[in-house]
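See structure below.
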Amino acid sequence: MSAKCCSLHQSSECSEMQKLSINTESLESLTKLTLAILVLRCLFLPQTDPQDWIRLRLLQDHVEERKDTKLQKLCQDVLVNYLRDIGLNRNQISDNEIHQVCGILDSNAFENKTLDGVESRAVFPLSAMVNSSCLPNMTHVTKKDRKIVFVASRDIQEGQELFICYTGTRWGNITRRKHLLFTKHFLCRCPRCLDPTECGTFISSIKCPDCEENIVQEAQSDSTECNMPWHCQKCRHEMEHKKVLAIETMIG
């Protein structure tokens with residue numbers, strides 16, 4: 001193990017990694033390792049950093065909600081099977097423990113991008129406790145020393161709850177709510193998601209073919225399926241939900 005390698009993480013991680021049959025000779029092997037490396041580092045925490053392991057296990061994993069879903073099957077087929085192939089012992093770390101770590105990462109990890117454009121994911125246990133709103137009052141940045149910093153994005157009153165947005169703030173209602181339901185396992189009911197106009201921004205609206213005003217969908221606060229038709233706010237022209245989805249898909 002090199003001095004540069006050990007400066008990035010604990011040397012005990014390298015010792016654990018060396019016990020596995022990791023192949024880096026092909027692009028396919030490197031791709032699989034890239035997907036699995038963060039999961040592996042987390043699974044080794046009981047040996048490499050027990051305190052961080054305790055902090056990690058305090059976070060929600062949504063294992064029950066993920067059961068028998070496409071997401072769980074994907075993790076099993078891609079990650080769990082790969083980890084078995086490279087020698088991760090089933091008697092030491094069960095499939096369920098791997099799925100728990102995958103759930104924790106999917107629900108709590110932050111996306112990072114370095115100054116030279118390298119993208120990665122990282123877990124900041126305390127920061128992961130911040131709730132989400134599609135009308136956030138904070139944004140976050142990652143510093144060169146790999147610390148996360150939250151910055152107010154608008155005025156915050158004393159005693160007001162702090163929020164970040166778990167999705168892209170420029171995404172439309174349908175995309176945001178589906179993403180949150182799929183990855184975070186909750187249906188967002190923030191003021192923006194419950195407002196057909198998205199607080200007057202009309203980000204999700206479609207131009208009416210009759211009068212060129214905004215076609216919007218009445219929000220469904222308690223439904224996981226947003227299949228209600230869309231109506232023009234002026235002339236009440238109706239458009240089927242599936243047609244709106246097709247238009248969004250074409251636009252990209």
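The values are calculated or read from the model by the stated rules, or taken from the named source; none is laboratory data. These numbers were taken from a predicted model, which means no experiment stands behind them. Neighbour counts are summed over all protein chains in view; Cβ atoms, including those assigned to glycine, are modelled from backbone coordinates with ideal geometry. Side chains are part of the model used for accessible areas, which takes the heavy atoms of the whole protein and leaves out ligands, DNA and RNA. Shrake-Rupley method; radii C 1.70, N 1.55, O 1.52, S 1.80 Å.
Worth a mention:
- With a cut-off of 12 Å between beta carbons, the residues surrounding Lys234 carry a summed charge of -1, where Lys and Arg count +1 and Asp and Glu -1.
- Residue-wise HN-Hα couplings along segment 166-175, as the Karplus relation 6.51 cos²θ - 1.76 cosθ + 1.60 with θ = phi - 60° gives them from phi, are 6, 10, x, 5, 8, 6, x, 3, 4, 5 Hz; Gly and Pro carry x.
- Relative to the Cα centre, the charge distribution of the chain, modelled as +1 at Lys and Arg Cβ and -1 at Asp and Glu Cβ, gives a dipole magnitude of about 360 debye.
- Extension gain (nm, one decimal) between Asn131 and Phe182, 0.36 nm per residue minus Cα-Cα: 16.7 nm
- In the chain, the calculated helix contribution to ellipticity at 222 nm averages -9500 deg cm²/dmol per residue, counting -39,500 (n - 2.57) for every DSSP H run with n ≥ 4.
- Anisotropy class of segment 104-182 from Cα gyration tensor, a/c 1.5 cut: oblate
- Exposed loop sites are taken as trypsin sites (Lys or Arg not before Pro) in a DSSP loop (any state but H, G, I, E or B) with at most 16 other beta carbon atoms within 10 Å; the longest stretch of the chain without one runs 91-142.
- In segment 91-150, a dipole from Cβ-located charges (positive for Lys and Arg, negative for Asp and Glu) runs towards its positive end, and of Val130, Ile93, Val149 it is Val149 whose Cα lies farthest in that direction.
- Whole-Hz ³J(HN,Hα) from phi, Karplus 6.51 cos²θ - 1.76 cosθ + 1.60, for segment 133-138, glycine and proline x: 8, 7, 10, x, 10, 9
- Stretchable slack from Gln18 to Arg90, in nm (0.36 nm times residue separation minus alpha-carbon distance): 24.2 nm
- For segment 107-176, GluC sites (Glu not before Pro) meeting the loop criterion (DSSP other than H, G, I, E, B) and having at most 15 other Cβ atoms within 10 Å: Glu158, Glu161.
- Partner aspartates and glutamates for Lys242 [C-alpha distance under 17 Å; skip if fewer than 8 residues away on the same chain]: Glu218, Glu225
- For the options Leu58, Leu79, Leu180, a Gaussian network treatment of the chain with springs between C-alpha atoms closer than 10 Å singles out Leu58 as fluctuating the most.
- Accessible area expressed per residue, the chain, with surrounding protein chains retained (probe 1.4 Å, Å²): 62 Å²
- Ligands, DNA and RNA left out, the accessible area of segment 159-221 computed with a 1.4 Å probe is 53% carbon and sulfur.
- The phi-based Karplus calculation (6.51 cos²θ - 1.76 cosθ + 1.60; θ = phi - 60°) puts the 3J(HN,Hα) values of segment 94-101 at 7, 4, 4, 5, 5, 5, 4, 5 Hz, whole numbers, x for Gly and Pro.
- Ratio of Rg to Rh for the chain: 1.04 [Cα atoms; Kirkwood radius as inverse mean 1/r over pairs].
- Axis of helix 27-43 versus longest Cα principal axis of the chain: the two differ by about 80°, to the nearest ten degrees.
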